[in-house]
1. Looking at this model, which pairs from B:Lys348/B:Lys591; B:Lys183/B:Lys402; A:Lys253/B:Lys424; B:Lys701/B:Lys743; B:Lys292/B:Lys348; B:Lys401/B:Lys424 are more than 20 angstrom apart at the alpha-carbon?
2. Could you tell me which of B:Ala355, B:Val89, B:Ala698 has its Cα farthest along the dipole of chain B towards the positive end, charges placed at Cβ (Lys, Arg +1; Asp, Glu -1), taken about the Cα centre?
3. 7 Å from Cα along Cα→Cβ at both B:Phe755 and A:Glu265: what's the point-to-point distance in nm?
4. Mind checking which lysines have their Cα closer than 25 Å to the Cα of B:Lys678? Skip sequence neighbours fewer than 8 apart in that chain.
5. On a 0 to 90° scale, report how tilted helix B:173-182 is relative to the longest principal axis of chain B, with both axes built from alpha carbons and the result rounded to the nearest 10.
6. Send over a whole-number figure in Å² for the accessible area per residue of the stretch B:205-394, probe 1.4 Å.
7. Using the heavy atoms of the protein chains and a 1.4 angstrom probe, tell me the accessible area per residue for the stretch A:254-311 in square angstrom.
8. Run the numbers on the stretch A:45-99 and let me know its relative contact order in percent, using alpha-carbon pairs under 8 Å that are six or more apart.
Amino acid sequence: MPPFSCSSRPAKARGDTFTHCEKTMTEISALKAGLLADIDAAATTDALEALRVGAIGKNGVVTGLLKTLGPMSAEERLEKGPPIQDLREAVTAALAARKAALEEAALTAKLAAERIDMTLPADIGPQGSVHPVSQVMDELTEIFADLGFSVATGPEIEDDWHNFTALNIPETHPARAMHDTFYFPQNPPGKAMLLRTHTSPVQIRTMKDQEPPIRIIAPGRVYRSDSDATHTPMFHQIEGLVIDKGITLGHLKWTLETFLKAFFEREDIVLRLRPSYFPFTEPSVEVDVGYTLTNGQRVIGGDGDAPGGGWLEVLGSGMVNRRVIEACGLDPDEWQGFAFGTGVDRLAMLKYGMNDLRAFFDGDLRWLRHYGFSALDVPTLSGGVGA
Amino acid sequence: MKFTLSWLKTHLATDADLPMILKALTDIGLEVEGVENPAEKLGAFKIAKVLSAERHPQADKLQVLTVDHGDGNPLQVVCGAPNARAGLVGVFGVEGAVVPANGMVLKKTAIRGVESNGMMCSFRELELGDEHDGIIELAAHAPVGQNYAAWAGLDDPVIDVSITPNRQDCMGVRGIARDLAAKGLGTLNAIVVPVIEGVGPGPDVRTDDPEGCPAFFARTVTGVTNGQSPEWMARRLKAIGQKPISTLVDITNYIMIDLGRPLHVYDMAMLKGPLVARKGRSGEQVLALNGKTYTVDPTMTVIADDEAVHDIGGIMGGEHSGATDATTQVLIECAYFTPEHIAMTGQKLTLTSDARGRFERGVDPAFLDDGLSIAADLVMKLCGGTASEATRAGQPPLTPKKVSYDPARCLGLAGVDVPAAEQKRILQSLGFTVEGDESRVEYQDGMPVSIAGDWTVTVPTWRRDVDGWPDLVEEVVRIVGLDHVPSTPLPREPGVARPTATPEQLMERRVRRTAAARGLSEAINWSFISEKEAASVGGGAWTLANPISEDLKVMRPSLLPGLLSATRRNMDRGAPSIRLFELGRRYGADKERAAVGFVLAGEKAPRGWQSGKAQGFTAFDAKAEVIALLGAAGAPVANLQNFGEASAAYHPGQSGTLRLGPKVVLAEYGVLHPSLAKQFGLTGMVVAGEIFLDAIPARRKTGFMRAPYAPPALQAVKRDFAFIVPEAVEADALVRAVKGADKKAIVEARLFDIFTGAGVEEGHKSLAIEVTLQPGEKSFSQEELDAISTAVVKAAAKLGGTLRG
């Protein structure tokens, strides 16, 4: 136990007017009022700290008063203790409150000083894009996945057997003239190497490699020696092939309707099927889709025969010619199916409203950013295949 | 194939109106490409008579006419035509009329101070021909005031249909009429072939090439007068865009379009000796009717006399022996040329003609005699003269094709149930003959048995394309209408859709979207580049024999040239920052390989209020892209080694390859070689890279389960080391050595500073590496840490590194 002592050091605070160790109730009240007023008026944390030391520091006036309680009798302490304890608590609380207030004010001032112009530009980094052809191919893959079609691929540098002969297009067939074919001079014996004019050779490769039933799509680059406002020497096609038992033209019709409705995300898609001719299908069918003129633009959907409407050719298709099935080593009496092919670039133009095919292959960053897609616009069935 | 409505109606008796006919044509596979009524744009042009013609007071070449256009108020018209004169009856455009040729709206005006109302027109101004030497002159009795187009028979819609290559029969108006009749749009008129009583023997013709020209029929007509075709014929030919030439020539053209039967007429006066179909001789030349000279060879069939070749058989006649106004005796050729031969010859000579288009698709081999008779008859009627007997050399291939057909096939292939009777009607109306039984029930020993139908269908001679039962299904379905085919759902596999993309496609998709997310824009460039561009990246393995231009000639061996060209175009447009990538194939001699290429050029970051000056790209930006994209492609990025040996396209000192082991190159990248940048016209710093997706090993699919892992309980410890090493030591080697110093404790070593200069010996550099140590069960003791440090220093020492003091 420390020996009883009064504060003998000169106090810095106003409490130093109270020089006696013991105080009357009145004196304590006055002391409290004085101390609280001083604390409330402290303008800085330093001033507040000085007040704290003067009041409840080791040699503070309030500490001194508390020390007078020690030697008192129990009765006396019961009488004189509470006011002194009250004084201590009041002073402690006031110090804490003032400290918080000063800190708050200091922070507010600091924050105010740190204010900057938030309208200044922020660099979000470069913005990349996915080409519309890639996007549409992903969309088509997604739609056909739901219909059970797998993806197949084949070479772009083909031989004439896969590109023509196996597809029932013999050398003298006028249909070869319809295809403006790019040829290569270097040819292995018995073959003429060329750039595939359509994705149809993938049909042949698939039927030769795979046991039926077959459901595939084959997207890719194709080439024709043709260049004008609406034709480029390279473009993109997607081929579809179904080989199974009991497949009819009715299945083809349903598949194309379903696919086009899903692709354009419109229920009012109207198809017009026209008899046509492709050597590798029989019967052969060309497919037009109805459009409506809206603000001078052709918008896919609606009956093409309605006023203000029209038809756009979008697909070639038909029942796979028996000769093609035979050429691939399958029995045409057992297996039957349909095939179709369409231009991916053209589908992209119809869906997203581009009007110049040549811009697809120019690499103009302005065009790519305008018509391209964000990396995360991944076509999904749940989110919709359009973006 | 163009024809007019009135022309069609000479073969088809029908009440159907134009819209019905157009719809039916498209529905049966004869797609209507256009329809135009020339009268529609000529509604405001009337027949008018010039009452007087005076010299224009101010201009020598102009006249002032008074024109009566039928309303009793003659108008004053200023006219510059040399043939304008009093009494001329012509075609007058009234005020408000739009001149078809130039879109000009006629209005009252003053020409050199003289009032002029409307215009007397030339054929060219009305888009009725090329003549523009003067205004149209009509017969004097033409009714003044009447609508000109109606009077001239121009109110006749011209229909343009697209004929698919299998339908030669529809390259004649009659074939189209037959199809429409089958569709139920009327009745096909019977064709009455005139009987020619030939006078005198037929011409001396023969075929010495029965393979290319199995049949050569001919007659002569003697005593003809050639001249202008009659109005009705000229009008029809003009309406469909054929220029009338002379009656004899026009007759052959007319019959070709009317009946799909090409013919040729020779001026007998120009022939010496017999006319023979034979193989061409090497080097033999013929000046064709198009004014060009063609050199034939022994694979081609020609028609020649003793002295010269007069016709590239079935494709184009010769200039020398064609009919002229002086012709008095003609030989009419009606031959059958073998389609395959015609196609080959046409392709070789790159010569197209209306005749070739028909012969190579296969004309009706049974129509030679009739065609010849119709032609001779028309010549006699229009040009006078006397026909000879016919010479029939050779035999056209006439064996009828018979197809066995079960009407149930229609449902089986097309999915549409067409009653057998209707199928029979359709086939018969298209000219097929149908024999045999339909499917039926038979009671065999009292038991009912279903017997499949068994028809024998004989194909008409004009349908070379039909040779199997699917063709018959096609015929039935196209006439019934494809709109009758019921939409039938494909049977669906139970459950949700399964993954269908190929592994390559999945890889490409991830790479593509990663690149886009990293700020690059996807371009699609041509697969072919110029020879020079190909040479700049090592040369291409495939060069096109028939490129569309020199710029698009060689299949690209690398994606770089296309990207660099696109970069230049963007630079030319002033793009400040260029980040482009492409995902596509490189074409090697043995196979096509998937690759990603990218180019970064211009500003990496623009000048900014925070960052200061604009920043350019460095080789390390290319390296960062390569590593990020390789990671997206599923390559084992942590195991890759950097070798400084990129191809010649790159700066030799600021490029590298990333390899899996010493041989497998997965990617190359770096600063573009300055000479390549110059070749492509690029300025500033250009960095690029290419990733060879085909070289990335396929990831083995081992199920979805990951290797077990629990984050370590104790925190990792970091220690920094700085080593002085000789300049030649590669940073990566030192980092690998440091990392390998204690494979258990060291989980990461990262170079964070490089320094040369004060305190570092000449020829040396200081490399600072942060090493991350991961304690296991318990914290490292000081002894353990010291041991690791010693091991690290020792490892560095092997590369000549000393710990920097």
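The values are calculated or read from the model by the stated rules, or taken from the named source; none is laboratory data. Source: prediction; values computed, not measured. Note that each Cβ is placed from the backbone with ideal geometry, even for glycine, and that neighbours are counted across all protein chains shown. These area figures cover heavy atoms from the full protein model, side chains too; ligands, DNA and RNA do not enter into them. Shrake-Rupley method; radii C 1.70, N 1.55, O 1.52, S 1.80 Å.
1. Check vs 20 Å cut-off fails for B:Lys348/B:Lys591; B:Lys183/B:Lys402; A:Lys253/B:Lys424; B:Lys701/B:Lys743.
2. Farthest towards the positive pole: B:Ala698.
3. With each label point 7 Å from Cα toward Cβ, the separation is 5.8 nm.
4. B:Lys532, B:Lys553, B:Lys604, B:Lys623
5. 80
6. 36
7. So the stretch A:254-311 comes to 40 Å² accessible per residue, rounded to a whole number.
8. Relative contact order of the stretch A:45-99: 38 percent.
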